[in-house]
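Peer 1: Before I ask anything, let me first share the structure, which is written out below as structure tokens.
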Amino acid sequence: MALTLAEKIIQQHLVKEACSETDFTEGLPIKPGSHIAIKIDQTLTQDATGTMAYLQFEAIGVPRIKTEISVSYIDHNTLQTDFKNMDDHRYLQSVAAKYGLWFSRAGNGICHQVHLEKFGIPGKTLLGSDSHTPTAGGLGMIAIGAGGLDVAVAMAGGAFHLAMPKIIGVHLTGKLKAGVSAKDIILEVLRRETVKGGVGSIYEYFGDGVDSLTLPERSTITNMGAELGATSSIFPSDESTRCYLEAMGRSEIWKPLAADEGAVYHKITEIDLSQLQPLAACPHSPDAVQTIASLAGKPVQQVVIGSCTNSSLDDLAAVASIVRGKHIACGVEAGIAPGSRTTLLMAAKAGILEDLIDAGFRILESACGPCIGQGFAPSSAGISLRTFNRNFPGRSGTADAGVYLVSPETAAAAAVTGCITDPQTFASSIPGASLLYGNAHEKNKTAVKTGETGLHKADFYTLSSEEVKQTALNEKMFIPPLPPEKAAKVEIIRGPNIKECPQAPASAKNLTIPVILKAGDNISTDEILPAGAKMLPLRSNIPEIAKYTLERVDPGFYANAMAAAADGKDGSAVVGGDNYGQGSSREHAALAPMYLGVRVVLVKSFARIHRANLINCGILPLLFKNPEDYERIKQNNVLYIQDIDISLKTGNPFKITCTAPCGTELFTFEALNDFDERTRSILAAGGLSAYTRGGGQ
Ligand code: MIC
Ligand code: SF4
């Protein structure tokens with residue numbers, strides 16, 4: 001039977017003995033929602049999630065990683081205002097040396113961009129402790145973001161367990177007009193599907209519109225598929241993929257991959273690229289999408305180009321082509337962070353950097369930087385146009401800033417005009433060719449981007465294929481795995497801020513717990529456990545970072561949690577609306593509440609990675625059986641949850657009594673028990689570590 005590309009790769013990686021509950025026949029589609037387990041070929045971690053992931057990997061106790069390739073990147077915590085971040089980097093470097101990983105040093109670039117350039121392989125699986133791991137889906141991989149413990153288990157050779165996603169087809173036709181770009185495609189998908197529309201799904205792109213998209217453009221789309229809440233996104237591996245890999249000096253790993261003719265998708269959404277307009281995601285959600293035309297004229301104080309979404313050489317070339325010979329408007333500050341050192345070097349060789357500097361751009365390092373609130377925070381109530389993927393409240397570092405997520409072309413247009421401007425005005429300045437694909441004119445990409453509007457006159461920059469390849473093959477900022485005999489002698493370096501990962505409490509039979517927070521819809525992990533310059537150095541120290549848990553939603557959260565967890569008490573509960581825990585994969589957003597005694601998070605719906613992290617931490621992530629019950633619960637009500645052990649054994653719904661703080665019974669209700677058998681066992685064991693220690697697979 002015809003299968004989608006995602007289904008084919010998943011089926012090739014199924015670990016059948018670990019999918020005991022799943023009923024499937026080889027070659028036939030697996031029912032969405034079935035519990036499956038897949039073999040992971042590659043893993044990646046970054047430094048903000050990596051320390052916890054490797055502390056947990058060390059605790060598992062295998063002498064060397066069992067994946068084909070695992071890479072530890074330093075890209076998030078590069079603002080070193082004291083010893084903490086660099087201590088983490090040294091710990092991560094020593095762990096990589098000891099256990100057989102590649103290490104990508106600070107300055108080498110953002111994990112997702114570097115992984116595309118150097119390690120991604122069509123048809124393989126990748127698990128990363130970062131929610132934008134699906135960026136590699138642009139190369140035809142099944143790439144999934146997860147919590148650090150899941151990545152640690154995969155490095156130790158364990159399968160990755162998930163519910164079989166629905167495969168949603170995105171049928172692309174036509175070609176983009178000059179001034180409209182890949183970012184506008186994914187913003188259009190977000191506009192249609194919303195930030196929770198993709199939960200439990202993989203978005204698979206196909207159709208002749210795909211042919212016209214370069215690999216970096218595809219990866220912009222798969223990257224921001226994370227904002228749909230999707231498990232992953234994937235493109236076929238075709239001629240464009242081959243050209244990219246050839247440019248990177250890795251053509252030998254290319255193979256063609258596509259869905260079978262007649263493959264059936266759960267649903268298909270149609271996008272005619274020629275009809276798209278430049279778009280922006282308005283404050284404070286990636287799905288608050290409006291046309292640039294409707295926002296035109298709005299004054300802008302800041303423009304930033306970069307992040308794992310839009311920081312490729314072609315993105316930089318597009319920006320430089322627009323600002324070339326002009327200067328950024330006097331009311332605007334502009335910054336650019338190339339996605340990788342390779343990109344930065346290529347931009348320097350092609351003359352792009354010179355034009356950007358000349359136009360007044362501040363050149364930021366090749367790292368996450370402003371995307372995670374590490375510098376470049378906007379002014380009070382400032383309007384900042386960013387080519388990034390998230391604009392959750394406060395993420396930029398300025399609580400009342402208005403962050404708009406836009407394409408590099410739109411950002412560049414605003415940089416020179418000082419207000420939101422339709423980049424199609426600059427159509428004749430926008431390159432029609434991909435610099436990355438060597439001599440782009442020969443590859444004839446021009447027709448793709450410029451359409452009728454312009455010809456080669458916009459292609460100011462040139463770079464020979466040889467220059468591209470030589471730059472890409474420069475491995476000086478990587479440290480390759482050590483051979484086992486040398487690795488065994490490596491001593492792990494631990495700074496004083498690196499504290500052990502706290503363990504989950506044993507599972508309870510009954511719980512009597514106050515609701516210490518009642519939150520609304522779409523609470524992001526940036527709100528649960530903020531990032532930013534102040535908080536990130538505490539990522540290796542849960543007791544310290546836990547003090548800031550949910551402070552953006554309720555500054556009294558920490559004190560209330562501590563009071564509810566005092567001697568003899570059962571801990572606390574958090575109640576939330578839809579899509580609770582969207583955004584980042586940071587397991588700290590589960591570890592910190594666990595450390596503070598949160599035992600239950602009861603919501604209308606969850607984001608996938610956060611729910612998995614709560615399960616791993618032994619926190620019961622419950623769903624209202626009847627979503628109207630959400631309205632009836634008030635903050636400070638007390639929940640009595642009885643016979644949890646029986647529900648976890650039988651799969652029966654959880655029975656909950658809600659009482660007033662004085663003890664008066666208010667009403668009873670049920671929470672769903674939608675967990676598969678393995679998950680129920682993990683919860684009964686008190687989290688994944690305890691389950692694994694007890695012999696669970
Ligand atoms: C993010 O974009 O929010 C991050 C920072 O990359 C996170 C990871 C983290 O919190 O360390 C993510 O996307 O998973
Ligand atoms: Fe880094 Fe931002 Fe990408 Fe997260 S989204 S990996 S913080 S660049």
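Peer 1: Can you tally the net charge around THR410? Count Lys and Arg as +1, Asp and Glu as -1, for every other residue whose Cβ sits under 10 Å from the Cβ of THR410.
Peer 2: Numbers: positive: LYS183; negative: ASP184, GLU409, ASP422.
Its environment carries a net charge of -2.
Peer 1: On a full-extension model of 0.36 nm per residue, what is the gain between GLU485 and VAL15, subtracting their alpha-carbon distance, rounded to one decimal in nm?
Peer 2: Contour length minus the Cα-Cα distance gives 166.1 nm.
Peer 1: Using only Cα atoms and rounding to the nearest 10 degrees, what angle (0 to 90) does helix 408-417 make with the longest principal axis of the chain?
Peer 2: Roughly 70 degrees between the two axes.
Peer 1: With 22 Å as the limit, write out which pairs from LYS39/LYS166; LYS255/LYS349; LYS8/LYS166; LYS16/LYS124; LYS8/LYS175; LYS16/LYS66 have Cα-Cα distances beyond it, or answer none. Write out the running numbers ahead of the final one.
Peer 2: On the way: LYS39/LYS166 19 Å; LYS255/LYS349 30 Å; LYS8/LYS166 13 Å; LYS16/LYS124 17 Å; LYS8/LYS175 28 Å; LYS16/LYS66 18 Å.
Checking Cα-Cα distances, LYS255/LYS349; LYS8/LYS175 exceed 22 Å.
Peer 1: Tell me, what is the 1.4 Å probe accessible area of GLU252, in Å² to the nearest 10?
Peer 2: 140
Peer 1: On to the next question. For the chain, which semi-axes, largest first and in whole Å, follow from the square roots of 5 times the eigenvalues of its Cα gyration tensor?
Peer 2: Details: eigenvalues 317, 148, 129 Å².
Calculated on Cα positions only, the semi-axes equal 40, 27, 25 Å.
Peer 1: Under 12 Å Cα-Cα from LYS84, which aspartates and glutamates qualify once same-chain neighbours fewer than 8 residues away are excluded?
Peer 2: ASP47
Peer 1: Then there's this: Rank by packing, highest mean first: peptides 306-319, 416-429, with packing defined as the count of other Cβ atoms within 10 Å averaged across residues.
Peer 2: Peptide ranking by packing, descending: 306-319, 416-429.
Peer 1: Grab the DSSP H runs of the chain that are 4 residues or longer, score each as -39,500 (n - 2.57), total them, divide by all residues and round the 222 nm result to the nearest 500 deg cm²/dmol. Numbers along the way, then the final one.
Peer 2: Details: 28 runs with 217 residues, N = 697.
Per the formula, -8000 deg cm²/dmol.
Peer 1: Carbon and sulfur atoms: what percent of the 1.4 Å accessible area of the stretch 281-403 do they account for? Could the numbers behind the result be given before it?
Peer 2: On the way: 1980 of 3710 Å².
Carbon and sulfur: 53 percent of the exposed surface of the stretch 281-403.
Peer 1: How would you order 485-494, 36-45 from highest to lowest mean count of nearby Cβ atoms within 10 Å?
Peer 2: On the way: 485-494: 12.6, 36-45: 25.0.
Final packing ranking: 36-45, 485-494.
Peer 1: Now a separate question. When the Kirkwood radius is taken over all Cα pairs of the stretch 31-133, what Stokes-Einstein diffusion coefficient follows at 20 °C and 1.002 mPa s, in µm²/s? Before the final figure, lay out the partial values.
Peer 2: Details: Rh = 14.4 Å.
Calculated translational D: 149 µm²/s.
Peer 1: Quick one: net charge around PRO627, please, counting Lys, Arg +1 and Asp, Glu -1 for every other residue with C-beta under 9 Å from its C-beta.
Peer 2: -2
Peer 1: So how much slack lies between SER251 and GLU354, counting 0.36 nm per residue of separation and subtracting their Cα-Cα distance, in nm?
Peer 2: Numbers: separation 103, 0.36 × 103 = 37.08 nm, distance 3.07 nm.
Value of the extension gain: 34.0 nm.
Peer 1: Using the heavy atoms of the protein chains alone and a 1.4 angstrom probe, what is the accessible area of the chain per residue in square angstrom?
Peer 2: Numbers: 23660 Å² over 697 residues.
Accessible area per residue, the chain: 34 Å².
Peer 1: What order, most packed first, do the peptides 680-687, 399-406, 473-480 have when packing is the mean number of other Cβ atoms within 10 Å of each residue? Mind showing how you got there, number by number?
Peer 2: On the way: 680-687: 20.9, 399-406: 22.9, 473-480: 13.2.
Averaged packing, sorted descending, gives the order 399-406, 680-687, 473-480.
Peer 1: Mind pulling the angle between the C-alpha long axis of helix 313-323 and the longest principal axis of the chain? Nearest 10 degrees, somewhere in 0 to 90.
Peer 2: 60
Peer 1: Just how much of ASP358 is accessible, in Å², when a 1.4 Å probe is used and the result is rounded to the nearest 10?
Peer 2: About 100 Å², ignoring ligands and nucleic acids.
Peer 1: What net charge is computed for the residues neighbouring SER380, neighbours being all others with C-beta under 15 Å from the C-beta of SER380, Lys and Arg scored +1, Asp and Glu -1?
Peer 2: On the way: positive: none; negative: GLU333, ASP400.
Net of charged neighbours comes to -2.
The values are calculated or read from the model by the stated rules, or taken from the named source; none is laboratory data. What you see is a predicted model, and the numbers here were worked out from it, not measured in a lab. Glycine also receives a Cβ, built like all others from the backbone with ideal geometry; neighbour counts cover every protein chain displayed. The protein model used for the area step is the full one, side chains on, heavy atoms only, and it has no ligands, DNA or RNA in it. Shrake-Rupley method; radii C 1.70, N 1.55, O 1.52, S 1.80 Å.
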